[in-house]
Amino acid sequence: MIDPFGRHISYLRVSVTDRCDFRCVYCMSEDMTFLPKAEILSLEELDRLCSAFVGMGVRKLRLTGGEPLVRRGIMQLFRSLSRHLKTGDLQELTLTTNGSQLAKHAEELAACGVKRVNVSIDTLNPEKFAEITRWGRLPQVLEGIEAATAAGLKVKINAVALRGVNDDELSEMVAWCGKHGHDMTIIEVMPMGDIGGEQRLDQYLPLSMVRSRLKRDWTLEEIDYRTGGPARYVRVKETGQKLGFITPLTHNFCESCNRVRLTCTGTLFMCLGQDDAADLRAPLRASESDEALRQAIREAISRKPKGHDFVIDRDHTGPAVTRHMSVTGG
Ligand code: SAM
Ligand code: SF4
């Protein structure tokens, strides 16, 4: 699949549920309204959709959410998708998780051929963790990471930089990741979805500032490591681990974008930061053959936009897109 700007689309991210057992302050409001269950694709339908994408050239599949591991029966989907790893059609099957259920599933994920997992932790302070996630508990997540490591999974830590919340702690987190052998990615807050009382402008911390602060403690060496994704990586000389910066607001990374995102209702978003979307559920359900579905996917890819236009400043404090990150899948 090649889009109008010559970009090869080889990476599909799938939000398998919009629900979550946490309520992170930058992601959701505490009283979130979730999609009615009747609208959600079954695991069999998700498998069929993902498999159609694999048949059309997708080589990397990431399950995310909401929290993917709270979806009932989710391991069935991992098990069935792992057949594409065995044939070599798929190069990587992976997930992004808050880690709360990871201890339970780590071994089976590894048995399904999952090699790496991204776990989101914004602080190593248990009280602060409970404040940021509202319903999360840090020890449970750390246990999940230990279980994943013991099962042979490589763990990458995702942390959202939050002004006045964890900015004083990111250097310590770099040290912790170094000690435990985790790569780390720091993410800029993106203006997605209404999050209740909290103000984006208060949370927003440009990563240029994070980076210069980290440079006081660490030697950050430029490396030529690219995943086709939005992160720009450096190596932390003292620990040897990679450190990525995802800067949608301060650096436009769209020119190398290789991905599209599918929601749990079968809506395909060709860009995280734009509203245009294609409904794949109707063609999926219209026929047992995949021809109409493949046609709808081709048509959607032909509309992939050049890029997003996220802005957070005094004139733009509301969401740039109304849906939450948990719908499109972060
Ligand atoms: N629940 C899983 C988790 O937390 O890893 C997967 C879904 S979550 C939406 C994926 C990633 O998006 C997490 O690392 C989270 O911190 C990040 N995220 C959520 N809302 C965000 C926002 N408004 N701006 C930037 N990152 C956000
Ligand atoms: Fe849940 Fe992940 Fe959003 Fe936190 S960031 S509320 S864990 S979906």
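Quick notes on this one:
- Checking each residue in segment 91-122 for being over 29 Å from MET56 (Cβ atoms) and in a strand (DSSP E or B) picks out VAL119, SER120.
- The one condition from (1) open to solvent by 30 Å² or more (accessible area, probe 1.4 Å); (2) out of contact with any Ser or Thr (no Cβ under 9 Å at 6 or more places or on another chain); (3) within 15 Å of ligand 1 (Cβ to nearest atom) that GLU108 does not meet is (3).
- Scanning segment 32-66 for residues that are within 13 Å of ligand 2 (Cβ to nearest atom), free of Cβ contacts under 8 Å to residues at least 60 places away in the same chain and more than 21 Å from TYR11 (Cβ to Cβ) yields one hit, PHE34.
- The lone criterion from (1) within 22 Å of GLY229 (Cα to Cα); (2) within 15 Å of ligand 2 (Cβ to nearest atom); (3) at pLDDT below 95 left unmet by MET28 is number (1).
- Residue in segment 153-162 that is within 12 Å of ligand 1 (Cβ to nearest atom), among the β-branched types (Val, Ile, Thr) and under 27 Å from ASP275 (Cα atoms) present: yes
- Out of GLY181, GLY196, GLY164, one residue alone is at positive phi and at pLDDT 95 or above. It is GLY181.
- Subset of segment 103-140 [within 16 Å of the chain's Cα centre (by Cα), within 15 Å of ligand 2 (Cβ to nearest atom) and among the aliphatic types (A, V, I, L, M)]: VAL117, VAL119, ILE121
- Consider segment 4-23 and keep the residues that are open to solvent by less than 20 Å² (accessible area, probe 1.4 Å) and among the hydrophobic types (A, V, I, L, M, F, W, C). The one that is farthest from the chain's Cα centre (by Cα) is ILE9.
- Of all residue pairs spaced 6 or more apart or on separate chains, those with beta-carbon atoms under 7 Å, a first member in segment 136-159 that is of a type in the set (D, E, K, R) and a second member that is open to solvent by less than 60 Å² (accessible area, probe 1.4 Å) and within 15 Å of ligand 2 (Cβ to nearest atom) are ARG137/ALA130; LYS156/ASN118; LYS156/THR185.
- The condition of being within 16 Å of ligand 1 (Cβ to nearest atom) and more than 14 Å from LYS154 (Cβ to Cβ) does not hold for LEU85.
The values are calculated or read from the model by the stated rules, or taken from the named source; none is laboratory data. Every value quoted in this text rests on a predicted model; they were computed, and no experiment measured them. No Cβ is skipped: glycine too gets one built from the backbone with ideal geometry, and neighbour counts run over all protein chains shown. Ligands, DNA and RNA are stripped out before the accessible areas are found, and what is left, the full protein with its side chains, is counted by its heavy atoms. Shrake-Rupley method; radii C 1.70, N 1.55, O 1.52, S 1.80 Å.
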